[in-house]
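Data block below; observations after.
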Amino acid sequence: MNSNQQEYWTMKQIADNLGVNKMKVYRTVTNNSIPYAYKKGQTLYFNATSKATIEDLITPNQSKVTKLSLAVLKSLNEEIASQQEQIARLTKLLDQSQKLQLLAQQQRVAAEKEASKMKTELKQVDAQEFDTRPNEHSES
């Protein structure tokens, strides 16, 4: 908007902005004799100063509460973001740990199979050697 132009608001626009009904704005204007900038038909138009006065009268502590609320929300959002980063890191570490455990288990199973196979082969070799040895007791 051009600096030479001034912005104006209707009671409805101010009410909508504050989240109140138009009648509340009308009563505030009437009870406090707040001047309007101009009138077009039945519609009153207010300049920025009058608008700010109306807003302050309807919600006198809202700006302080809003600033405090925004600060609290910002802090909570930062905490949430930090916790989400921690969750992501912990999830990655858990995933890596599970993969390592699975790999270790697979290696253990493979080693046990290999050991079992070697035992079987060793028994077969021992049995063959036993069968091929001359029977010392039978010759006597």
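The values are calculated or read from the model by the stated rules, or taken from the named source; none is laboratory data. Predicted model, so just to flag it, every value in this text is computed and none were measured. Methodologically, a virtual Cβ is constructed for each residue, glycine included, from the backbone with ideal geometry; neighbour enumeration extends over all protein chains shown.
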inquiry  = Going residue by residue through the stretch 106-114, is there one that turns out to be at pLDDT 95 or above and either under 38 Å from the mean Cα position of the chain (by Cα) or surrounded by fewer than 10 Cβ atoms within 10 Å (Cβ to Cβ) (or both)?
reply    = yes
ask   = How many of the residues in the stretch 28-71 are modelled with pLDDT of 85 or more and either assigned to a loop (DSSP other than H, G, I, E, B) or more than 16 Å from residue 7 (Cβ to Cβ) (or both)?
value = 17
